[in-house]
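To start, the structure under review is shown below, and the notes come after it.
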Amino acid sequence: MSEPAALTVGRHPRLRLAILVVALAAAALVFGLGDLVSVAQVREAVERAGPLAPVAFVVLGAVLAALLVPGPVLAGASGLLFGPVLGTVVTLCSALGTGLIAVTAGRAAGRDGARSVLGAERATTVESLLSRRGVLVVAGQRLMPGVPDAPMSYAFGALGVRTWQLVVGTLIGAAPRAFAYTAIGASLDDPTSPLAIAGVAVWLLVAVVGVEVGRRAWMHRRRAARRGDLT
């Protein structure tokens with residue numbers, strides 16, 4: 001009996017997956033550890049767009065974050081440029097753009113490789129889980145502290161998360177953190193202002209919720225593993 005069509009893999013799937021992983025690791029080293037992009041540089045580049053600055057930031061921020069430029073740097077620049085309200089909207093739109101870029105690239109370059117590595121049975125189980133709970137998985141990840149969104153979006157694409165699930169999950173999970181980082185960025189000149197305090201408070205609340213979400217997901221996975229049911 002032939003394998004389901006969903007599990008058919010193309011040529012050199014593991015090589016394509018390996019290239020994607022290496023490229024992301026290189027981007028993380030260049031942009032994350034090399035500190036090549038600063039708030040001032042992003043701000044200067046976007047301000048040149050004049051009235052179209054919010055749109056320019058969404059596009060530039062989405063691309064830079066997909067290259068693994070740290071999100072807080074970009075959100076802080078958004079807060080400085082546009083203030084807490086418009087800045088939060090711009091930051092969230094940029095996060096959506098990053099997610100769409102990453103999930104599409106992950107799906108194109110890594111999905112066959114992920115299936116090949118996981119094997120037919122496990123790949124079917126994972127895809128079934130994400131088909132039903134993809135929104136919750138994405139939203140939960142967006143809430144977790146210390147887990148960067150862009151690399152996970154590449155992984156979501158490789159594991160079969162649908163585009164609409166990524167969009168909805170990002171809107172739910174990334175919105176609070178977008179406000180927190182943007183509010184803090186908008187208050188850099190007055191770190192004791194009510195806005196800055198609100199940003200820190202929201203960030204701490206999101207971190208607590210994210211840790212709890214991660215704990216519950218881990219406990220659920222352990223119980224499911226004992227039952228032999230990962231769905």
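The values are calculated or read from the model by the stated rules, or taken from the named source; none is laboratory data. Everything numeric in this text was worked out from a predicted model, so none of it was measured. In this analysis, Cβ positions are derived from the backbone assuming ideal geometry, glycine residues included, and neighbour counts consider all displayed protein chains. With ligands, DNA and RNA removed, areas are computed over all heavy atoms of the protein, side chains included. Shrake-Rupley method; radii C 1.70, N 1.55, O 1.52, S 1.80 Å.
Here is a yes/no grid of residues against (1) surrounded by fewer than 18 Cβ atoms within 10 Å (Cβ to Cβ); (2) among the hydrophobic types (A, V, I, L, M, F, W, C):
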position: 125; (1), (2): yes, no
position: 128; (1), (2): yes, no
position: 137; (1), (2): no, yes
position: 141; (1), (2): no, no
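A search for C-beta distances below 6 Å between a residue of the stretch 58-70 that is open to solvent by 60 Å² or more (accessible area, probe 1.4 Å) and any residue that is among the aromatic types (Phe, Trp, Tyr) and not in a loop (DSSP other than H, G, I, E, B), counting only pairs 6+ apart in sequence or on different chains, returns 67/31.
Scanning the stretch 112-148 for residues that are more than 14 Å from residue 95 (Cβ to Cβ) and not in a helix (DSSP H, G or I) yields 119, 144, 145, 146. Would you call residue 52 part of a helix (DSSP H, G or I), over 28 Å from residue 191 (Cβ atoms), open to solvent by 50 Å² or more (accessible area, probe 1.4 Å) and at pLDDT below 80? It is false that residue 52 is part of a helix (DSSP H, G or I), over 28 Å from residue 191 (Cβ atoms), open to solvent by 50 Å² or more (accessible area, probe 1.4 Å) and at pLDDT below 80. Considering only residues in the stretch 149-188 that are outside any helix (DSSP H, G or I) and either more than 30 Å from residue 121 (Cβ to Cβ) or of a type in the set (A, V, I, L, M, F, W, C) (or both), the one that is modelled with the lowest pLDDT turns out to be 188. Among the residues in the stretch 66-83, are any small (Gly, Ala, Ser) and within 27 Å of residue 220 (Cα to Cα)? Checked against the condition, which is being small (Gly, Ala, Ser) and within 27 Å of residue 220 (Cα to Cα), the stretch 66-83 yields no hits at all. Are there any pairs with C-beta distances below 9 angstrom linking a residue in the stretch 208-220 that is closer than 13 Å to residue 139 by Cβ to a residue that is open to solvent by 70 Å² or more (accessible area, probe 1.4 Å) and aromatic (Phe, Trp, Tyr), with the two at least 6 apart or on different chains, and if so which? Final answer for the pair search is none. Sub-7 Å Cβ pairs linking a first residue in the stretch 161-190 that is free of Cβ contacts under 8 Å to residues at least 12 places away in the same chain and more than 25 Å from residue 114 (Cα to Cα) to a second residue that is charged (D, E, K, R) and surrounded by fewer than 24 Cβ atoms within 10 Å (Cβ to Cβ), at least 6 apart or interchain, number zero.
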